[in-house]
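One structure is given here, and the rest of the page talks about it.
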Amino acid sequence: MCGIVGAVAQRNVVPILLEGLQRLEYRGYDSAGLVVIQDGQLQRERSTGRVADLRLKTTGTHGTLGIAHTRWATHGVPSERNAHPHLSNNLIGVVHNGIIENYESLRTRLSAAGYVFTSDTDTEVIVHLIHSHYKNGASLLDATRTSLTELIGAYALGVIAVDNPDQLICARRGSPLLMGVGVGEHFIASDVSALLPVTNRVIYLEEGDVAEIERQSYRIFNASGAEVTRPVQVSKISNESVSLGTYRHYMQKEIHEQPQAIADTLESVCNSTSIIPGIFGAEAAASFDAVNSILILACGTSYHAGLVARYWLEEIAGIPCTVEIASEYRYRTSVPNPKALVVVLSQSGETADTQAALNHAMALGHVHTLAICNVAESALVRLAKLRFLTRAGPEIGVASTKAFTTQLVALFLLTLVLAKQRGRLTEAQERQHLNDLRHLPAATQKVLDLEPKIAKLAEQFATKQHALFLGRGMHYPIALEGALKLKEISYIHAEAYPAGELKHGPLALVDKDMPVISVAPNDVLLEKLKSNLHEVRARGGELFVFADANTHIRSEDGVHIMQMPEHAGYLSPILHTLPLQLLAYYVALQKGTDVDKPRNLAKSVTVE
Ligand code: M6R
């Protein structure tokens, strides 16, 4: 989703802005632009396509105050005229992330007042609105603050004025924005990775904050207009953790980081023989005692993690669990159960639909809320009463990988805590589960060692248009996740079904051109699954099976078996995810797609 960078410094900020934009590329975008004050004028450059194209256009551009943006089109097609920054009367420049819902009425009003619109964006109303107040004598801060009271919607904003060359104004509501604190220079950005080359000292702005930033000082005002102090935090994210290293793509790097990410996420239990509710927050024990069911809300890959957890929560902890897609739940008339624990799952913690779903649940009277999230400072973590931070580290590739497996680890821990609290876990069982969890990093590493074989297998998908994924029980969501990975980065149309559903419709699709990928764990459903695989083979379908040891499924003509190193019991969905991630990755390489930035997709979906 859109990315913002801004800087006020004593040096030329153009390289800082460009580097920041490049580092925000992973969020997804279709055009980019920047504006600086150069020789007393607003000097703007914009381009569709990559930040690299913008870099070429800005070789002669310089200035000590500037704002920059990568745009992901919402209102108006991706084009240079719609790219940010937007200007008003060559006096004010604005970059914006979010959506202004009342832009049509504002546009009508501003047009009647003589403002000429040069784009189809909702953002352009903001810059003209600020201009309308600024030209009447308000300071840039006050002109921005007054304008914000007229906006309905979500925004993160950077604002500059040509006759105010030492000041940058920024504001956030519903979209992420932080400030970077340097020595004699200050910055703004959508996330910390953009600023790491210049500073790791950051201030996370809160909902409704507006800041007036100069080289040597800054002032922050909260949503009620009062001046406030926000803590300067030293970001733990290192430059190294967001650099590609020797990997070809971030997705590949992040797939390989899973053993470490899982080990880090398990840190709170690594030396214990028992598990306590406190790992979910100080008030967790009381909340868990009070709840009688679980409602999981999430989107995309995070939703799939929730689907796996339902099997664990009901079977191990004996607690009823429903899992809903956040964008559906927020608009559905549901029957709230105030005794349910609402669990929101999100890598970014900024997904607009998941945030809205949590707000909706709270408005319905839900008081027991837990965020499982990979970003400590995110909106969801701040909103929920309880929290568990996955320790996957920054995930840059649009396709979520290590965030998913660490979410599963967190959800398994939640299952164990709830099972224990409900008297459904003996000490011996608890110890065994904890041992199994501690073995996971090593077990995932063994699966990753299959990479060369999976790369070879992927060659057979180079010409395919469609694929069918099958799984049963708690591996059905893994089939869904495998299909999502394949479609989002290789653009092959992929569907996933619980294998038992085949004969109720999808079997009609099976022929020699439809590869069928199956997850075959050595569990109670194995024999059922084998029958389903026979149904496929009998129709000429080509099978690609990721099978545990001792499943006795043999390779033969039209049946390709990839032997998994070991069976992990309840944790098997985590292990079976990895080969499907690798398969999608290598198929995408075959197809020559932009693996880390697939077309039309954004990393953080911060708009509805
Ligand atoms: O940051 P979140 O986990 O809330 O994101 C939810 C989805 O947008 C995300 O998982 C998306 O489906 C991924 N691109 C899938 O790989």
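Hydrodynamic radius of segment 22-127 by the Kirkwood approach over all distinct alpha-carbon pairs: 14.2 Å.
Fewest-first ordering of S47, S531 by other beta carbons within 10 Å of each residue's beta carbon gives S531, S47. Spatial offset of segment 318-347 relative to segment 435-461 amounts to 33 Å, using the alpha carbon center of each. Assuming 0.890 mPa s and 25 °C, estimate D for segment 449-510 with Stokes-Einstein, Rh taken as the Kirkwood radius over Cα pairs, in µm²/s. The estimated diffusion coefficient comes to 197 µm²/s.
Per-residue ellipticity at 222 nm computed for the chain from its helices equals -10000 deg cm²/dmol, with DSSP H segments shorter than 4 residues left out and the rest contributing -39,500 (n - 2.57).
Among the listed pairs K236/K464; K57/K485; K456/K528; K253/K528; K512/K591, a Cα-Cα separation exceeding 31 Å is found for K236/K464; K57/K485; K253/K528.
Each of P394, L480, Q432 was scored by the projection of its Cα onto the charge dipole of segment 356-490, and the greatest displacement toward the positive side belongs to Q432; charges sit on the C-beta of Lys, Arg, Asp and Glu. Placing unit charges on the Cβ atoms of the charged side chains and taking the dipole of the chain about its Cα centre, the candidate lying farthest along the positive direction among A379, L129, N82 is A379. With neighbours defined as other Cβ atoms within 10 Å of a residue's Cβ, the residues S224, S193 order from fewest to most as S224, S193.
What percentages, rounded to whole numbers, describe P(r) for the chain computed over all alpha carbon pairs with 10 Å bin width beginning at zero? Bins of 10 Å from zero give 3, 17, 25, 24, 18, 10, 4, 0, 0 percent of pairs. Highest mean first, the peptides 78-88, 471-481 sorted by other C-beta atoms within 10 Å per residue fall in the order 471-481, 78-88. Most simply put, the chain has about 60% antiparallel DSSP beta bridges, counting only bridges with both residues inside it.
Charge dipole (Cα centre; +1 on Lys/Arg Cβ, -1 on Asp/Glu Cβ; no other charges) of the chain amounts to roughly 240 debye.
The equivalent ellipsoid of segment 148-255 has semi-axes of 28, 17, 13 Å, largest first, where each one is the square root of 5 times an eigenvalue of the Cα gyration tensor. If we count every other residue with Cβ under 13 angstrom of I492's Cβ, Lys/Arg +1 and Asp/Glu -1, where does the sum land? Summing Lys and Arg as +1 and Asp and Glu as -1 gives +1.
Between the listed residues H534, I561, A547, the Cα displaced farthest toward the positive end of the dipole of segment 463-568, a dipole computed from Cβ unit charges relative to the Cα centre, is found at H534. Within the shell defined by Cβ-Cβ distances under 15 Å, the residues around T108 carry a net charge of -4, with Lys and Arg each +1 and Asp and Glu each -1.
Readers should treat all values here as calculations from the given coordinates under stated rules, not as data from a laboratory. On a predicted model such as this, the values are computed, not experimentally measured, just so you know. Don't worry about glycine lacking a Cβ; one is built from the backbone with ideal geometry, like all the others, and counts go over all protein chains shown.
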